[in-house]
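The block underneath contains the structure these notes are about, expressed in structure tokens.
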Amino acid sequence: MTKNKFYVSTPIYYVNDAPHIGHAYTTILADVLSRFHRALGDDVFFLTGLDEHGQKVQQAAQARGLTPQAHCDDLAPRFSNLWTTLEISNDDFIRTTEVRHTRIVQDILQKVYDKGDIYQKEYEGLYSVAEERFITEKEAESGAFREVKSIKEKNYFFKMGKYQQRLIDYIESHPGLIQPEHRKNEMLGFLRQPLGDLCISRPKSRLAWGIEIPFDRDYVTYVWFDALINYISAIGYGSDEAKFSRWWPGVHLIGKDILTTHSIYWTTMLFALELPLPETIFAHGWWLMGESKMSKSLGNVVRPLDLIEQHGVDAVRYYLMAEMVLGNDANFTPENFIKRYNSDLANDFGNLLNRVSGLIGKYFDGIVPPAHDLSEADQAIMSQGAALYGKVRALLLDYKVDAAINEIMNLIRAVNKYMEMQAPWKLAKTDLVAAGRVLYVATEALRLSAALLRAVMPEKAARVLQILGAEDAGLSWGGLRAGTKLEAHSPLFPRIEVDKK
């Protein structure tokens, strides 16, 4: 039987940035989807990496007395090490300074130039040094751009406007290309205006740190004809056609601030290369602190490591995935984090483990009891558990990660309520068989929930399955074996006590 394939990518992050909650969110999201698809039996390729070219990198390196390459080599581990800490299961980590990437970028530039889709002209306009791009007068008047100056120079341009109508037609006939729906409509609105051509070069006299343009050694290519190509250079385009045809096209997960570059610049580049467009470009929202986007200038950026050191990796992963409705903005506050941690993880999930393992230890010597002659209440939990995999699968395939997590937690909450109603600690005094039946049903629901949460919380969920002796019991109801000896354990998620003062 042929396996399905799932190729997912994050943006490549700018090497000068310090990793923050936005970087962590996108990467964890890609990891959760990758782990779930692997659990489904799909072949998965998960790509992330770093964007290492540009004027800011060159300037930062000069300020440190380093070459740009040495500067990048020094900073790159901040991201790769964090992904290890966050339990990210990426298959590749590409850096745009690698030969495997730079060679493909040059080959593509030459190919598009030979096709007649790249030309040179003199351009005069306003340039934002801070943003490293030309801006319109309207953008300059907004005051949102720093270090703006007028520049007149020759550059190379990509005939992006040539593909405008073709892109409109494609988006309208492929509604799943840009998600969520309101982002697709936003891009169609953008495309109702004339689509100009895209400046893709910088003269070496102004910027030397970049990939040299193969047909003019006085220029380097600018960010979009470099960075965006990582999505195909990493999977073999121009170097391993069998690998490339196996994985392309795929799913791009991005923040909404880079939607235009991915859904318009990148797609028209692919048209010029006569390649299929991505399956999906999914733009998620921003993490806000109050009503403000997190930013270095506002000093309100949350660093993932700060949260991890205090509360653990899996708690951070769970919060980020459960809190944001994919496609909308979400608010981060320490109070929200603690509230969700205590409610979902300490009170519901962790407490259920403590209850069932404690009662099985007390009344059944720590051995999972059998379940016979299920009552109506038992069957209600079993039915909810049996339907859970199908619901979670459908939601995750539709990128509704928060809703999928909520479905799992609904089962956990239902089981906690079921335990209160059935009171197996009371039943055990008069009907040990009935108490065992209740505990089996509750423990199997916990096992199934942990199996489905393993994509979100790899370490903690795996620990639950280890405690239950059910690491490989599958994603459907009935995997827990009666007669299994439970492992002793400490509390999974100790409650966070808050100083009310």
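Overview of results
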quantity	calculated
Pair list, Cβ under 7 Å, 6 or more apart: region 455-470 residue of a type in the set (A, V, I, L, M, F, W, C), other residue surrounded by fewer than 20 Cβ atoms within 10 Å (Cβ to Cβ) and part of a helix (DSSP H, G or I)	Ala455/Arg35; Ala455/Ala39
Residue match in region 454-477 (condition: touching a Phe, Trp or Tyr at 6+ places or on another chain (Cβ under 9 Å), small (Gly, Ala, Ser) and closer than 18 Å to Tyr363 by Cβ)	no
Qualifying residue in region 41-60 (condition: of a type outside the set (A, V, I, L, M), free of Cβ contacts under 8 Å to residues at least 40 places away in the same chain, within 26 Å of Val251 (Cβ to Cβ) and surrounded by fewer than 16 Cβ atoms within 10 Å (Cβ to Cβ))	yes
Some residue of region 218-226 being among the hydrophobic types (A, V, I, L, M, F, W, C), at pLDDT 95 or above and farther than 17 Å from Phe46 by Cα	yes
Matching option when the condition is out of contact with any strand residue (DSSP E or B) (no Cβ under 8 Å at 6 or more places or on another chain), modelled with pLDDT under 95 and not charged (D, E, K, R), among Ala140, Ala130	Ala130
Output for region 64-77, where each listed residue is surrounded by fewer than 16 Cβ atoms within 10 Å (Cβ to Cβ) and either at pLDDT below 95 or not in a helix (DSSP H, G or I) (or both)	Gly65, Leu66, Thr67
Qualifying residue in region 491-498 (condition: out of contact with any strand residue (DSSP E or B) (no Cβ under 9 Å at 6 or more places or on another chain), among the aliphatic types (A, V, I, L, M) and not in a loop (DSSP other than H, G, I, E, B))	no
Filtered residue count, region 268-279, keeping only those that are aliphatic (A, V, I, L, M) and either modelled with pLDDT under 95 or assigned to a helix (DSSP H, G or I) (or both)	4
Residue among Pro194, Pro175 that alone is under 26 Å from the mean Cα position of the chain (by Cα), surrounded by fewer than 18 Cβ atoms within 10 Å (Cβ to Cβ) and assigned to a loop (DSSP other than H, G, I, E, B)	Pro175
Candidate set: region 455-475, residues that are within 25 Å of Ala435 (Cβ to Cβ) and out of contact with any Gly (no Cβ under 7 Å at 6 or more places or on another chain); chosen: the one surrounded by the fewest Cβ atoms within 10 Å (Cβ to Cβ)	Gln466
Among (1) over 30 Å from Leu75 (Cβ atoms); (2) modelled with pLDDT under 95 - the single one Val148 does not satisfy	(1)
Near pairs, Cβ below 9 angstrom, 6+ apart or cross-chain, from region 249-267 (free of Cβ contacts under 8 Å to residues at least 40 places away in the same chain and outside any strand (DSSP E or B)) to any residue that is aromatic (Phe, Trp, Tyr) and surrounded by 17 or more Cβ atoms within 10 Å (Cβ to Cβ)	Asp257/Trp286; Thr261/Trp224
Top-ranked residue of region 479-493 - restricted to ones that are touching a helix residue (DSSP H, G or I) at 6+ places or on another chain (Cβ under 7 Å) and of a type outside the set (Asp, Glu), ranked as surrounded by the fewest Cβ atoms within 10 Å (Cβ to Cβ)	Pro491
Of all residues in region 2-31 being within 18 Å of Ala404 (Cβ to Cβ) and crowded, with 22+ Cβ neighbours inside 10 Å, the one that is farthest from the chain's Cα centre (by Cα)	Val8
Subset of region 104-119 (residues that are surrounded by 15 or more Cβ atoms within 10 Å (Cβ to Cβ) and not in a loop (DSSP other than H, G, I, E, B))	Ile104, Val105, Gln106, Asp107, Ile108, Leu109, Lys111, Val112, Tyr113, Ile118
Residue that is closer than 20 Å to Gly285 by Cβ and not hydrophobic (A, V, I, L, M, F, W, C), where the choices are Asn331, Asn347	Asn331
Contacts under 9 angstrom Cβ, first residue in region 195-213 being within 18 Å of Tyr14 (Cβ to Cβ), partner of a type in the set (Asp, Glu) and modelled with pLDDT under 95, 6 or more apart	Arg202/Glu132; Arg202/Glu153; Leu207/Glu132
Hey, Leu480 modelled with pLDDT of 95 or more and more than 17 Å from Lys391 (Cβ to Cβ) or not	yes
Exclusive hit being surrounded by 15 or more Cβ atoms within 10 Å (Cβ to Cβ), among the aromatic types (Phe, Trp, Tyr) and assigned to a loop (DSSP other than H, G, I, E, B), set Phe157, Phe145	Phe145
Leu188 of a type outside the set (Asp, Glu), touching a residue at least 12 places away in the same chain (Cβ under 8 Å), surrounded by fewer than 17 Cβ atoms within 10 Å (Cβ to Cβ) and not in a loop (DSSP other than H, G, I, E, B)	yes
In region 197-224, residue surrounded by the fewest Cβ atoms within 10 Å (Cβ to Cβ) [restricted to those that are of a type in the set (Phe, Trp, Tyr) and over 13 Å from Glu52 (Cα atoms)]	Phe215
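The values are calculated or read from the model by the stated rules, or taken from the named source; none is laboratory data. All of these numbers come straight from a predicted model, not from anything done at the bench. With ideal geometry, Cβ positions are generated from the backbone for all residues, glycine too; neighbour counts draw on all protein chains shown.
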